[in-house]
Amino acid sequence: MINDKMTNGAKRMHVVVCIKQVPDAKNVRIDPETCTLVRQGVESIVNPHDWYAVEAALRFRDEYGGKVTALTMGPPQAEEALRETLALGVDEAVLLSDRAFAGADTWATSLTLARAIEKLGPVELVICGKQAIDGDTAQVGPGLAAHLDRPYTTYARRLELLNGGELRAERVTDFGYEIVQMELPAVVTVVREIGDPRMPGLKHKMKAKKKEIPVLGAAELNLHPEEVGLQGSYTQVVKVFSPPPRCDREMINGDAEEQAEKLLRLLQEAKVPGL
Amino acid sequence: MDYFLTEEQQMIKEIAAKIATEKVRPVRAELDESEEFPWDLMKIMAQSDLFGVYLPEEYGGLGGGVLENCLAIEELGRACIGVATTYAASGLGAYPILLHGSEEQKQKYLPVIASGEKLAAFAVTESGAGSDAGGIQTTAKREGDFYLLNGTKQWITNGGEAEIYTVVAITDRAKGARGASAFIVEKGDPGFSFGKKEKKMGICTSATRELLFNDCKIPADRLISREGTGFIVTMKTFDVSRPGIGALAVGLSQGALDISVEYARKRVQFGKPIISFQAVQHMLADMATETEAARALVYAAARYIDSGAKDISKLSAIAKLFPTDVAMRVTTNAVQVLGGYGYMRDYPVEKMMRDAKILQIYEGTNQIQRNIIGQELNKEYGRIKETFF
């Protein structure tokens with residue numbers, strides 16, 4: 001179970017970072033029947049936003065002590081993504097893999113991840129990337145917090161542990177940033193401003209090769225088949241399509257002044273009120 | 001080409017290549033222009049454990065040898081040999097300690113070099129002593145439990161930035177070549193300071209500086225091996241370090257070839273990509289052939305040295321001479337393939353051509369390498385009694 005309030009220095013932090021293996025965006029295809037991504041034969045990469053989550057987790061551990069566990073749900077080959085995080089210095093990795101997990105929406109995914117996190121024993125902080133480049137929902141992080149019944153914040157660019165043991169986060173908005181403070185355990189999603197992901201280390205990489213990665217299925221997480229995967233999903237993708245272009249487009253070239261002049265003329269020709 | 005590298009060697013290559021591509025390549029032009037020392041990159045390499053690839057595990061290294069060192073150097077050199085030289089020069093400073101240092105010296109200095117916490121440097125050259133190391137004027141005089149060093153070393157790579165220096169000085173002038181000794185000097189030792197930083201044609205991010213010894217007082221236990229072994233220590237160090245210069249050359253050549261082929265496939269003249277013209281194709285073919293031959297030579301020499309072989313001077317000189325001459329030709333032709341663009345600073349090949357020149361000069365000019373090869377041939381064939389006629 002997730003433990004309750006803790007105080008800084010009194011305990012070593014256990015940070016869980018959730019990552020996702022996604023198809024390399026360079027060659028994505030969609031199955032017209034099921035409207036889901038065709039993953040067969042497509043090279044997988046770690047969701048680029050998740051590298052910032054891994055970096056945030058490692059920095060938090062390096063600063064406050066403790067350990068980092070990487071967690072992912074996916075097919076058996078998602079183990080490769082976990083090994084890549086181990087090469088960066090992540091301490092442990094756990095793979096959630098079960099045929100029953102297939103087709104999960106963000107509800108079923110976050111529920112499955114939440115049960116796994118509870119099983120990992122006291123966890124003070126869960127970090128996710130801001131969103132995945134395949135689904136782009138940005139829902140799994142907040143969903144996790146809901147299933148864990150813990151506070152959360154999104155788009156954090158900085159994380160700090162206060163003396164009282166609370167987490168203080170700087171949350172990026174369109175107009176600046178907000179300072180958010182919450183009790184641990186908590187869930188955060190982070191953005192790239194958190195810091196450049198580190199390079200893999202040779203020693204870590206060599207250890208990562210041999211590291212045992214436990215694989216947990218629905219049974220180990222005490223989840224019923226109807227709670228996970230497609231069955232446990234409340235949403236279903238009905239159709240995926242490229243929206244048709246709404247109108248003609250015209251690129252305006254030239255330096256800033258020329259562009260502004262042309263734009264003004266076009267707007268005037270279009271009889272935009274006030275111009 | 002598959003060179004049948006081990007899994008560990010493959011990992012070294014991958015990590016060095018990732019750093020080269022993601023971290024070095026984007027800043028190489030800026031570093032060349034600003035001539036700033038690449039500390040940020042050195043820290044990244046340290047975190048990735050690259051500084052210890054060739055050092056034994058008991059001193060915090062990864063237990064590899066010359067080949068492992070060459071693989072890391074080559075991949076870094078593919079992006080920038082100014083940065084790769086900085087990395088490799090730390091190894092050059094560490095080798096005398098690794099090869100001839102006492103157990104105490106190894107335990108004190110090698111782990112901090114392996115972790116990248118401290119950089120090392122090797123100092124032989126002086127204004128009057130380049131190819132002729134016999135011209136060394138810097139002296140070391142024993143006084144009780146200390147040595148007093150006096151003199152000036154010139155063009156020392158990593159000078160001023162490194163913390164650990166292996167310095168060759170004369171302990172007994174009357175003994176000639178047998179009167180030199182090697183010492184470990186630390187940044188901060190009394191009487192040790194740095195002179196001017198040189199402005200160079202290429203590898204501008206690499207620090208090249210004078211070392212000034214003015215009654216520099218160091219404990220007597222900083223002597224490497226025994227008095228009088230300075231030249232042997234130097235020669236044995238160069239025997240294992242020279243393939244590393246070959247590796248810099250292979251990386252540089254490959255980097256220049258990569259850009260040349262990519263450019264030739266895109267650049268259209270007379271309605272066709274210029275790679276479809278035989279004149280260009282043949283240039284690229286020669287560049288690729290020589291680069292691959294140089295790589296095969298460096299790896300073969302490195303493996304031979306790592307096997308524990310003793311007769312390595314000739315092969316080591318060959319593994320420096322050929323690849324560095326290749327790098328000069330390949331980078332010159334890269335500029336030619338890119339034409340006017342190649343000559344512009346906006347494109348990376350003019351820097352590569354400027355950088356290439358030093359490879360034919362440092363760690364023994366290529367003329368000195370030919371001397372070594374020639375002398376070794378003379379010795380080798382002198383021992384053979386049979387005739388080949």
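Remark: the range A:9-227 carries a charge dipole of roughly 840 debye about the Cα centre, counting +1 on each Lys and Arg Cβ and -1 on each Asp and Glu Cβ. Placing a pseudo-label 7 Å from each Cα along the Cα-to-Cβ vector at residue B:288 and residue B:132 gives an inter-label distance of 4.7 nm. Both radii come from the Cα set of chain A: Rg as radius of gyration, Rh as Kirkwood radius; their ratio Rg/Rh reads 1.06.
Modelled spin-label separation between residue A:26 and residue B:268, with each label point placed 7 Å from Cα along the Cα-to-Cβ direction: 2.3 nm. Please give the net charge around residue B:232, taking every other residue with its beta carbon less than 11 angstrom from that of residue B:232, where Lys and Arg add +1 and Asp and Glu add -1. Combined, the nearby Lys, Arg, Asp and Glu give +2. Rounded, prolate or oblate for the range B:109-171? Axes are the square roots of the Cα gyration tensor eigenvalues, ordered a ≥ b ≥ c, and the cut-off for rounded is a/c under 1.5. Verdict is oblate for the range B:109-171. Calculate the length of the line joining the C-alpha centroid of the range A:165-240 to that of the range A:27-81, in whole Å. Going from one Cα centre to the other spans 9 Å. Which residues of the range B:31-54 end up with at least 50 Å² less accessible area in the presence of all protein chains than when their chain stands alone, using a 1.4 Å probe? Going by heavy-atom accessible area, the residues of the range B:31-54 that drop by at least 50 Å² are B:49. For the protein assembly as shown, the solvent-accessible area with a 1.4 angstrom probe is 49 square angstrom per residue. Where the alpha-carbon atoms of the range B:282-349 are placed on the principal axes, they occupy 48, 24, 15 Å, in descending order. Positive contributions from Lys and Arg (+1) and negative ones from Asp and Glu (-1), summed over other residues with Cβ under 12 Å from the Cβ of residue A:93, come out at -2. Take the Cα of residue B:217, step 7 Å toward its Cβ, do the same at residue B:336, and the gap between the two points is 6.0 nm. Where both bridge residues fall in chain A, DSSP classifies roughly 40% of the beta bridges as antiparallel. Could you list the residues of the range B:20-46 with an amide nitrogen less than 15 Å from a label point located 7 Å from the Cα of residue B:196 in the Cα-to-C-beta direction? No residues fall inside that zone. Counting protein heavy atoms only, the protein assembly as shown has 51 percent of its accessible area on carbon and sulfur, 1.4 angstrom probe. Farthest toward the positive end of the dipole of the protein assembly as shown, out of A:75, B:324, B:114, is the Cα of B:324, where the dipole comes from beta carbon charges about the Cα centre. Cβ-Cβ distance of residue A:219 and residue B:107, R₀ of 30 Å, FRET efficiency by 1/(1 + (r/R0)^6): the value works out to about 0.05. For A:204, B:282, the ranking by accessible surface with the largest value first comes to B:282, A:204, using a 1.4 Å probe.
To the nearest ten degrees, helix B:349-359 and the longest principal axis of the Cα atoms of chain B are 30 degrees apart.
Hand me the trypsin sites (Lys or Arg not before Pro) from the range B:177-261 located in a DSSP loop with no more than 15 other Cβ atoms within 10 Å, in residue order please. Counting only loop positions with at most 15 other Cβ atoms within 10 Å, the trypsin sites (Lys or Arg not before Pro) in the range B:177-261 are B:199, B:226. Per residue of A:83-90, other chain Cβ atoms within 10 Å of the residue Cβ number 1 on average. Rolling a 1.4 Å probe over the protein chains gives residue B:241 an accessible area of about 10 Å². Structure note, pairs B:236/B:314; B:43/B:351; B:236/B:310; B:153/B:200: Cα-Cα distances above 21 angstrom occur for B:43/B:351. Put simply, chains A and B cover up around 1300 Å² of each other's accessible surface, both sides summed, when a 1.4 Å probe is used. Considering only B:269, B:281, B:336, the Gaussian network model of chain B with Cα springs below 10 Å gives its largest mean-square fluctuation to B:269. Evaluated over the range A:129-275, the count of Lys pairs having alpha-carbon atoms less than 29 Å apart is 7 (only pairs 8 or more residues apart or interchain).
Accessible area ranking (1.4 Å probe, heavy atoms, ligands and nucleic acids excluded), largest first, for B:54, A:177, A:155: A:177, A:155, B:54. Screening chain A for whole DSSP H helices of 15 Å or more along their axis (Cα) with average Kyte-Doolittle hydropathy at least -0.5 returns A:106-119. Kirkwood radius for chain B, taken over all pairs of different Cα atoms as the inverse mean of 1/r, rounds to 21.4 Å. Each part gets one Cα centre, and for the range B:145-188 versus the range B:40-62 those centres are 25 Å apart. Among A:238, A:46, A:190, the residue with the largest mean-square fluctuation in a Gaussian network model of chain A, with springs joining Cα atoms closer than 10 Å, is A:238. Largest to smallest in accessible area, the residues B:155, B:39, A:51, A:107 fall in the order B:155, A:107, B:39, A:51 (1.4 Å probe, all protein chains included). Other residues whose C-beta falls under 11 angstrom from the C-beta of residue B:355 contribute a net charge of +3, scoring Lys and Arg +1 and Asp and Glu -1. Helix-only estimate, please: 222 nm mean residue ellipticity of chain B, summing -39500 (n - 2.57) across DSSP H runs of length 4 or more and dividing by its residues, to the nearest 500. When only DSSP H runs of four or more count, the value is -17500 deg cm²/dmol. Principal axis analysis of the Cα atoms in the protein assembly as shown yields extents of 90, 71, 61 Å, listed in decreasing size.
In the range A:187-218, the residues that give up 40 Å² or more of accessible area when the other protein chains are added, compared with the chain on its own (1.4 Å probe), are A:199, A:200, A:202, A:203, A:205, A:206, A:209.
The values are calculated or read from the model by the stated rules, or taken from the named source; none is laboratory data. These numbers were taken from a predicted model, which means no experiment stands behind them. Here Cβ is always computed from backbone atoms with ideal geometry, including for glycine, and neighbour counts include all displayed protein chains. Surface accessibility is based on the protein's heavy atoms, side chains included, excluding ligands, DNA and RNA. Shrake-Rupley method; radii C 1.70, N 1.55, O 1.52, S 1.80 Å.
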